[in-house]
Each structure stands twice: as structure tokens, then as C-alpha cells.
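Undergrad: Here it is: the structure, laid out below.
The values are calculated or read from the model by the stated rules, or taken from the named source; none is laboratory data. The structure presented is a predicted model; accordingly, all values stated were derived computationally and were not measured. Every residue, glycine as well, gets a Cβ built from its backbone with ideal geometry; the counts of neighbours run over all protein chains shown. Ligands, DNA and RNA are stripped out before the accessible areas are found, and what is left, the full protein with its side chains, is counted by its heavy atoms. Shrake-Rupley method; radii C 1.70, N 1.55, O 1.52, S 1.80 Å.
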Amino acid sequence: MSEPESIVFVVDDDPSVRSAIKRLIGSMGLQVELFGSAQEFLASKLPNLPSCLVLDIRLPGISGLNLQRQLAHANIQIPIIFITAHGDITMTVRAMKAGAVEFLTKPFRDQDLLDAIQHALERDRNRRQQEAELAVLRDRFDSLSPREREVVALVVSGMLNKQIAAQIGAAENTVKVHRSRAMEKMNATSLADLIKMILRLQVPPIEPVN
Amino acid sequence: MISASAALAGSYDYSEVARSVVIAIVASYAALDLAGRVTAARSRVRFAWLSCGAIAMGIGIWAMHFKGMLAFHLPVPVEYHWPTVLASLLVAVLASAVALYVASRHKMDPVEALTGSILMGAGIAGMHYIGMAAMRLQASTQYSPLLVTCSILLAILFSLIALLMAFDLREETRWSVPRRLGSATVMGVAVSAMHYTGMAAASFIPASPPDLSHAVSIPPVGNSAVVIAALIVLLAAVTTSSVDRRQSEDRLRLVIDTLPAMVWSKSPDGSADFLNQRFREFTGLSVEDGLGWGWMKNAVHPEDRAQEEWRTAFAAGQPFEKEARLRRADGTYRWFLLRAVPQRDEQGRVVKWYGTTTDIDDRKRAEDELRQAQEDLARVTRVVAMGELASAIAHEVNQPLTAIVTNGNFCLRRLDGATWKPDELRAPIEEIVNDGTRASAVISRIRGLLMKESPTRTELDINQIIQEVNILLRNEFTRNRVSLRIELEPDLPRVPGDPVQLQQVLINLIMNAIEASSSTNGTPKILIRSARNRDGVLVQVQDSGPGIEPALVNRIFEPFFTTKPKGIGMGLSISYSIIESHGGQLSLESASQGALFQFTLPANGAGVS
């Protein structure tokens, strides 16, 4: 079996519901994994793939809303689609505020669930991609020497080479060398590109000293 | 035996005799009066009254006796040995003290009465014969043993009568001048009778002149002086007693009028003869408006008058309590608790009622509010419980439904697809069937749960059920000011049924009726009828509400159908099922000019559960 492109987790205490949902989602060619309780889900190892969680609210042991909270605490950012047989407004509001993708009342329209799953997977995929990009940038930034990082920080804060040289007590040419090397290491094609990268990395800016 | 002819012939001055009898009566009156005072007083005051009373009474009795002796004239001069006279006075005072002591005790048993009267009688007889022994004359005194015994017995008897009378009359509440005068006359005459018997027991035989040391002769002036002095002493005693009585009455009245309570007394039938100031101030009634049955007419709330009930309570003669609203001077009514205790005479007849009236309005209001709060809470709890149940049912049923819908959708998607094999639809369709079965099992489980308490069927009297429900809903009727009419046909056949379920139906119908009637202007009117019908009984509940719109008439028994903003639409639907399970029929007979609901119940046990 080839490595799946994405995976849908389903947590529901009712085996019939689990089985039917698996069949429906499976028919869309998605990988599905089933759990009977929140504990089972927490005990499993999550693959590093775009994924989402179809979660029943009323569960034995840890409830759906509780699981959502625990995942958030553990910084597991999996998009959640709630399904419940007896939802009320308070519950819906709480779930959505905590970042749920969708809140569906059983029995739901199949298309609603499938749309929600697509949406959730899309969201997760985007997040993962951004995180991957960020990881690359961070690697590049980590490869800079301390001096180069200092120069980059001052460049980003809008200082001219001459000013930077004065501040760090080096020759203007030395600054130019550091700068071009840093650009190269960061794979930045322009100054604007570099600034964007540093902003994404949220490197603390260095205040120019006058 | 000394022949009578040998004795000196004595004669009586009858006007003097009469005077002595008068003194006896006055002394008796004073004694009765004093007994009352002694009884009413406590501790040192009581001792003072007892001492002074004994002295006054002793002087009175002694004066009578002395007067009686002076009324007796012998042909020889008579002088008196004054120390002996004084001794006789002392004995009279002591005898009086005994009498007052015994008569003023709070209880007098026969032994006490007898001992008291023997002591008192002996004292009086002693006084008499000591007094006679004080006579100094040229004769020796001989006594006839028979008459002496007779006189002593008479003294004891008279003392007994006197004690009983004094004991009976001492309660100042029964005080009346004619009664007391009558008793005093009887006592006075008895005292005199004893005295003159004692006198008759003595005969005087001429003898040598007596030893006249310490003897004095009583001149006519002295004779009168004794009488006048005695009368003054007695008068002083009676006057003091009456002033004291008035003072203590004033004190008592002050206490009763300033007491933070409404106090009254009523005659045996319940008509008031005294209302304290606080009662008059609260009700704003004058004495004339409140006395008799005025308190009822002018102060009691018309709805609480129920004169028969009051009269029965008073006639029963037992202490009782009643709650009633009394009108304050400003016209507002407040709830009061009336407590009454009867005072009885020896025959057990009620002679008077005493009672208090206590303001319980705040308490009553708090009780009402508490009851209301409890009812509200019960209603909320019921709604919450319904909500819980609904949510449990929703959850239990929605699970299989979700699976069914999802599997069904899967099958449809498959069928819509270009290629599908029958085999891949088998599993989901099997699951659909299973979950369908499961859903219906959930439903029957819930039904079973609700029907757990299998309906009890007893032969019941529907009129009794109606009465019970009316008691349960009394508060609702009062709160909504419902004018309720109940027409129950007597001797209805008994119907088999579950009393609780039928109560539930009636409560439903009546609560609906109250709600409907209260939504219109004017007094809400409700009529509850029971009657015989072809095969059992029928019960009708009619209200004065706006009726039911024709468009809705066919839907009112549907579950979840409601016209009330907060209704859940189960009341009539459940009622319908209950009556149906009893083999009867719940129907809306009239929808215009107020709704008329009716249900029938077969009497022949045709009800099926």
C-alpha cells in the first residue's frame, strides 16, 4: 500500500456510526482511522500527514469538547469537525470559538460532512506547508554566523551600510561582504525578499544606536 | 339535773337579737369578700390580707356573739371578766384565720374542708363558751350536754357551709353582689343559729356573788359602741377590699390593654363581651361596634365569616384555633390566628371564652410565597426533566439514524457512480436494517421505561378524584381569582382506573382552563361537572376563555402541538392517551365561548391498559 496523501480520524462511541462514516469517507478515496473514545485517540501515534478529526461530542470518558481543549494544550493543531446527536447553541459556540471547522448535527447530510472534511484537510495542508517553509527558513537563518545575523537585523531595521559599519565598528566593505553572504545563505533574491523572510521568522529587530 | 324552775329565767331583747343577726350577715359578707382578696393576692400581700382579714372577720363574729349575749337579759346584773372576753376575741380571730386560709387555697379537697371546718367550728364554739365563761353574775352557769354538743356540731356544720361558699365565691370573676349577699345571709343566719343554740345550752342557777376582779359591766352605751366598732371594722375591711380590687382590676386592665396582643372574652355562644384596646385600635371599632357579634360583622373578612363554623367551634366547648382575615382600621385585611379557651363551671358548662388574636400575616404571606416558589420549582424541574429525557431520546435515536442516513447516502453515491457491484452495497444495507431495528428497540425501551409503573386499576369514585384535584389546585384558583362552580352528580357508578393518572388528566384540563379563562377580561369562571352517561360516567371542564380557533380544533390532541408560548404540547396528548387506556374518550365538545372538554370513563371495566 502506498503512502496515503492525507488521513481522517473519526472518534465516535457508536460502532454503527463509525462504520458508516468510514464507508462514506472511504468512498471518496480518503484514508480513515477509527477510534471508540478520546483516550484511544490520544494513545495513538499521529502520522505526519495532512489530517483532520471527526469528533463526537458525547463520548464516554473524555468528552469531545474536552479532547479539543487537551489537543490545543498539547499544541496539536488538527482541524476538528464536531458531530453530535444533541447539540445546543452554547456547545456550538464553545466548539467554534475553540477553532472547530464545522459543527454538524446528527444525522447530517453526507455532503456537509464531506465538504467539511475537504475544507479541514485543505486547512491542515496549508498549515503544514507553511510550517515546512518556515522550517526551511529557520534552517537557513541558523546557518548564518553571529556577525551576519547582526548585520541582517540592522539591514532589516532600515540602516544604510555606512551606518551599520559605524554601529558595529567595522569597515563599510566588511559590512557589504557580510550582507551579500547572508543574502546568499538565506536564498534571498532582493532586499524586500530578505525583509519578508526575517519578518516571517519573527527575529527580534535590533534598534539602531545613534 | 337542775330543774328548769330553779334556773333564772332569761329573756331576749328581740331587737338586739335582730341586730346581732345583721352583724353576723355583715361579718359573713366581709368574710366572703376577704376570701376573694386573699385568694387573688400573693406572698406578703396575701399574708397581710389574711392577717387583717382574720382580725376583721374575728371581730365581726365576736361582736355578733357578744351582741347576742347582751340581747339576753337576766334578772340579775351581769358583768364581764374582760381578760376572758379578750381571750374569746383572740379565739375568734384565730378561727377566722383558719377559715380564710382554707378557703383561699387553690384547691380544697374533702379532708381539708373537713379539717378546716372542725378547726373553725371548734374555734367558734370555743369563742362562744369562753365568752360565756367571762360572765360574772350571781348565778352559776350550767350547761346541757346535749345542746352543747348540738351547738358544737352546728358550729362545725356552719363552718363547712361557710368554707364551701367562700371557696366557691372567692373567684372574683364570678363575683356578684346578689349572690354574695344571699350566701352571706345564709351564713349569718347559720352563725346566729349556732350562737343561740349555745345560749340555750346554758342555764343560770342563782348562787353567791361572783368574784368581780377584772370584771366590767357593759352599759348600754358600751353595748352600742361594740356594735358600731365592729361594723366600722367590717366596713373598713370591705371598703379596703373593694378599693384594692378596683386597683388590681385597673392594673389588670392596663396590662391587658397594653399587652402587645389582641385579647378578648366572649360569652359561651361566641358573642364578644370584652375586646381589649389593641383590638379596638387595630380594627378601629368602637366598643359598641365590636361587642356582641359586631366583631364578626365589622372586622372579619366576609370570606372567613362562615358563621356556622364559628358557632360549631364555640358550641363544641373545646379550645380551638382559627385563621381569619381581620380588617385593619385603614381597610386592609391581615391574616390572624384566633385562639380561644373556655372557662367552665363545676358542671363543665362553658361560662366564658377567653382568647387572643395574633397577627400571622407576614408568616402566612411567607408561607404562600414559599409554596408558590416550590410549585414553580417543581414546574421547572419537570421541564428540565422533560428536556433531559428529550435529549437522551434524541441521542439514543439519532445514533442509529445517523448510521442509517450515512449508509443510505453511501449506497446512493455508489448507485450514482459509473460502476458498482451489488456486493459492495450488501454490507451498508445490512447495517441500515440493523440500525433501523436498533432505533425501534430504543423507542420501545423508552416506552417501557415510561410505562414501568404499570397502571393500577382500582374501582374509584370520580367525584372523589375531582374533589382531591380541587384541593390540590386550591392555591391556583385563589391566585387566579377563579370563580369555581362544581356540579357533581351524586351516587355515580364507580369506574375502574388509575387515580393518579386521572388526577393528572383533570389537573391538565383545569390548568388549561385557568390559563384560558385568565387571558380574558372579567372574572375567570370554571365549571366542573360530573354526570352519568350511557355506559359509565362523564366529566366536563368548561372555562370562560376565548375558546379555540376552528383551524386548530383538529390539532389540539397532537403531541407537541401547543398554543401557549411556553407550552410543550404534551398535556392534552398525554391526557388523551390516559383516557384512551381507560377505555374512555377525551374530546373537545365546544370550542366557542370558552372551551368545554369532556372525558368519559366506562363503568363496566371495559378499560384496557
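Undergrad: Projected onto the charge dipole of the stretch B:419-498 (+1 at Lys/Arg Cβ, -1 at Asp/Glu Cβ, origin at the Cα centre), which of B:Leu473, B:Thr419, B:Thr458 gives the Cα projection farthest towards the positive end?
TA: About the Cα centre, the residue reaching furthest to the positive side is B:Leu473.
Undergrad: Let me ask another. Would you kindly work out the equivalent ellipsoid of the stretch B:1-103 from its C-alpha gyration tensor and give its semi-axes, the square roots of five times the eigenvalues, largest first in whole Å?
TA: The equivalent ellipsoid of the stretch B:1-103 has semi-axes of 34, 14, 11 Å.
Undergrad: With bins 5 Å wide starting at 0, give me the P(r) of the stretch B:122-166 over every alpha carbon pair, in whole percents.
TA: Here the calculated profile for the stretch B:122-166 is 6, 19, 24, 22, 14, 9, 5, 2, 1.
Undergrad: Could you tell me which helices of chain B pass both thresholds, a Cα extent of 18 Å or more along their own axis and a mean Kyte-Doolittle hydropathy of at least 0.0, with helices taken as whole DSSP H runs? Display every interim value, and only then the final one.
TA: On the way: long enough: B:14-40 (39 Å, 1.04); B:43-70 (39 Å, 0.90); B:82-103 (31 Å, 2.03); B:110-133 (33 Å, 1.05); B:145-169 (35 Å, 2.40); B:177-200 (34 Å, 0.59); B:220-258 (56 Å, 0.63); B:361-416 (78 Å, -0.46); B:422-450 (42 Å, -0.07); B:499-518 (28 Å, 0.73).
Membrane-span-like by this criterion, though nothing is claimed about a membrane: B:14-40, B:43-70, B:82-103, B:110-133, B:145-169, B:177-200, B:220-258, B:499-518.
Undergrad: Run the helix sum for the protein assembly as shown: -39,500 (n - 2.57) per DSSP H stretch of 4+ residues, divided by residue count, reported at 222 nm to the nearest 500 deg cm²/dmol. Each step should come with its number before you reach the end.
TA: Numbers: 27 runs with 468 residues, N = 819.
Result for the protein assembly as shown, helices only: -19000 deg cm²/dmol.
Undergrad: Rounded, prolate or oblate: which one fits the protein assembly as shown, using the alpha carbon gyration tensor with axes a ≥ b ≥ c (rounded when a/c is under 1.5, else prolate when a/b beats b/c, else oblate)?
TA: Working: a/c = 4.93, a/b = 2.63, b/c = 1.87.
Cα axes put the protein assembly as shown in the prolate bin.
Undergrad: Compute the FRET efficiency between A:Ala132 and B:Ile393 as 1/(1 + (r/R0)^6), taking r as their Cβ-Cβ distance and R0 = 56 Å, and round to the nearest 0.05. Display every interim value, and only then the final one.
TA: Numbers: r = 48 Å, r/R0 = 0.86.
About 0.70, to the nearest 0.05.
Undergrad: How would B:Leu572, B:Leu231 line up by accessible area, probe 1.4 Å, largest first?
TA: Working: B:Leu572 25, B:Leu231 65 Å².
Listed by decreasing accessible area, they come as B:Leu231, B:Leu572.
Undergrad: Which one, B:Leu164, B:Tyr354, B:Ala134, projects farthest toward the positive side of the charge dipole computed for the protein assembly as shown from Cβ point charges (K/R +1, D/E -1)?
TA: Ranked along the dipole, the leading option is B:Ala134.
Undergrad: Which trypsin sites (Lys or Arg not before Pro) from the stretch A:39-88 combine a DSSP loop assignment with at most 11 other Cβ atoms within 10 Å?
TA: On the way: sites: A:Lys45, A:Arg58, A:Arg69; in loops: A:Lys45, A:Arg58.
Loop-located and lightly packed - A:Lys45.
Undergrad: Binning every alpha carbon pair distance of the stretch A:51-174 at 5 Å from zero, what are the percents per bin?
TA: Per 5 Å bin, starting at zero, the Cα-Cα P(r) for the stretch A:51-174 comes out as 2, 10, 15, 14, 11, 7, 6, 6, 7, 7, 7, 5, 3, 2, 0 percent.
Undergrad: Take every Cα pair under 8 Å in chain B that's 6+ residues apart, average their separations, divide by the length, and report that relative contact order as a whole percent.
TA: On the way: 955 pairs, mean separation 53.4, N = 609.
Here the relative contact order equals 9 percent.
Undergrad: So how do B:90-96, B:533-539, B:367-373 stack up, highest first, on mean other-Cβ count within 10 Å?
TA: Numbers: B:90-96: 23.1, B:533-539: 18.7, B:367-373: 11.3.
Highest-to-lowest ranking by the protection proxy: B:90-96, B:533-539, B:367-373.
Undergrad: Is the stretch B:220-312 rounded, prolate or oblate when judged by the Cα gyration tensor, a ≥ b ≥ c being the square roots of its eigenvalues, rounded requiring a/c under 1.5 and prolate requiring a/b larger than b/c? Don't skip to the answer; put the middle values down first.
TA: Details: a/c = 5.02, a/b = 2.96, b/c = 1.70.
Prolate, since a/c reaches 1.5 and a/b exceeds b/c.
Undergrad: Rounded to whole Å and sorted largest first, list the principal axis extents of the Cα atoms in the stretch A:128-210.
TA: Cα extents, longest axis first: 42, 21, 21 Å.
Undergrad: Enumerate the whole-percent occupancy of each 10 Å bin, from 0 to the last occupied one, for all C-alpha pair distances of the stretch B:370-516.
TA: 9, 23, 21, 17, 12, 10, 6, 1
Undergrad: Considering just Cα atoms, how many Å³ per residue does the convex hull of chain A enclose?
TA: So the per-residue hull volume is 166 Å³.
Undergrad: A further question follows. Can you list residues from other chains, or at least 5 along the same chain, whose modelled amide H is less than 5 Å from the amide H of B:Asn533?
TA: So B:Asn533 has HN proximity to B:Leu538.
Undergrad: Next question. Can you classify the stretch B:65-169 as rounded, prolate or oblate using the Cα gyration tensor, where a ≥ b ≥ c are the square roots of its eigenvalues, rounded means a/c under 1.5, and otherwise it's prolate if a/b beats b/c and oblate if not? Don't skip to the answer; put the middle values down first.
TA: On the way: a/c = 2.92, a/b = 2.14, b/c = 1.36.
Taking the square roots of the gyration eigenvalues as a ≥ b ≥ c, the stretch B:65-169 is prolate.
Undergrad: Please get the size of the charge dipole for the protein assembly as shown, origin at its Cα centre, with Cβ charges of +1 on Lys and Arg and -1 on Asp and Glu, quoted in debye to the nearest 20.
TA: Numbers: 84 positive and 85 negative charges, 309 e Å.
Using only the charged Cβ atoms, the result is roughly 1480 debye.
Undergrad: Heavy atoms only, probe 1.4 angstrom, no DNA, RNA or ligands counted: give me B:Cys411, B:Cys52 ranked by accessible area, highest first. Spell out each step's value before the answer.
TA: Working: B:Cys411 10, B:Cys52 80 Å².
The residues order as B:Cys52, B:Cys411, largest area first.
Undergrad: Continuing with this model, one more query. Just want to confirm a number: the relative contact order over chain A, from Cα pairs under 8 angstrom separated by 6+ residues, in percent.
TA: 15
Undergrad: Same structure, new question: Please state, rounded to one decimal and in Å, the Kirkwood hydrodynamic radius that chain B gives when every pair of distinct Cα atoms enters the mean of 1/r. Please report the intermediate quantities before stating the final value.
TA: Details: mean 1/r = 0.0298 Å⁻¹.
33.6 Å is the Kirkwood radius here.
Undergrad: If you don't mind, another one. Given the stretch A:127-168, what whole percent of its Cα pairs are spread farther than 13 Å? Walk me through the numbers before you get to the answer.
TA: Details: 518 of 861 pairs.
When all Cα pairs of the stretch A:127-168 are counted, 60 percent exceed 13 Å.
Undergrad: If you take the charge dipole of chain A about its Cα centre, with +1 on Lys and Arg Cβ and -1 on Asp and Glu Cβ, which of A:Gln68, A:Val203, A:Ile57 is farthest toward its positive end?
TA: Sorting the options by dipole projection puts first A:Val203.
Undergrad: Another one. Output the antiparallel fraction of DSSP beta bridges having both residues in the protein assembly as shown, as a percent to the nearest 5.
TA: 70
Undergrad: Pairs A:Lys162/A:Lys185; B:Lys107/B:Lys322; B:Lys364/B:Lys525; B:Lys266/B:Lys525: which exceed 28 Å Cα-Cα?
TA: Values: A:Lys162/A:Lys185 22 Å; B:Lys107/B:Lys322 33 Å; B:Lys364/B:Lys525 26 Å; B:Lys266/B:Lys525 40 Å.
Distance filter (> 28 Å) returns B:Lys107/B:Lys322; B:Lys266/B:Lys525.
Undergrad: How much solvent-accessible surface does B:Phe477 expose, in Å² to the nearest 10, with a 1.4 Å probe and all protein chains in place?
TA: Counting only protein heavy atoms, the figure is 20 Å².
Undergrad: Continuing with the same structure: Taking every DSSP beta bridge that has both residues in the stretch B:390-529, what percent is antiparallel when rounded to the nearest 5? Can you show the working numbers first?
TA: Numbers: 3 of 8 bridges.
Taking every DSSP beta bridge with both residues in the stretch B:390-529, the antiparallel ones total about 40 percent.
Undergrad: State to the nearest 20 debye the size of the charge dipole of the stretch B:363-516 about its Cα centre, where the only charges are +1 on K and R beta carbons and -1 on D and E beta carbons.
TA: On the way: 20 positive and 23 negative charges, 64 e Å.
Roughly 300 debye, rounded to the nearest 20.
Undergrad: Counting only DSSP beta bridges with both residues in the stretch B:453-585, what percent are antiparallel, rounded to the nearest 5?
TA: Working: 11 of 17 bridges.
Counting DSSP beta bridges with both partners in the stretch B:453-585, the antiparallel share is about 65 percent.
Undergrad: Over the whole of A:95-108, what's the average partner chain Cβ count within 10 Å per residue? Rounded to a whole number, please. Working shown, then result.
TA: On the way: counts 0, 0, 0, 0, 0, 0, 0, 0, 0, 1, 3, 11, 12, 4.
What the average comes to for A:95-108 is 2.
Undergrad: Ordering B:Ile161, B:Ile446 by how much accessible area each has at a 1.4 Å probe, largest first, what is the list? Working shown, then result.
TA: Numbers: B:Ile161 70, B:Ile446 30 Å².
Ranked from most to least accessible, the order is B:Ile161, B:Ile446.
Undergrad: Here is a further query. What is the magnitude of the charge dipole of the stretch B:481-609 about its Cα centre, with +1 placed on the Cβ of each Lys and Arg, -1 on the Cβ of each Asp and Glu, and no other charges, expressed in debye to the nearest 20?
TA: Values: 10 positive and 11 negative charges, 54 e Å.
Approximately 260 debye in magnitude.
Undergrad: Next question. Please compute the alpha carbon radius of gyration of the stretch B:222-264, then divide it by the globular-protein estimate 2.2 N^0.38 Å. Two decimals is fine.
TA: Working: Rg = 18.0 Å, N = 43, 2.2 N^0.38 = 9.2 Å.
Compared with the compact-globule rule of thumb, the stretch B:222-264 sits at 1.96.
Undergrad: Return the Cα extents of the stretch B:473-609 along principal axes one, two and three, sorted largest first, each rounded to a whole Å.
TA: Here the Cα extents, ordered largest to smallest, are 42, 32, 25 Å.
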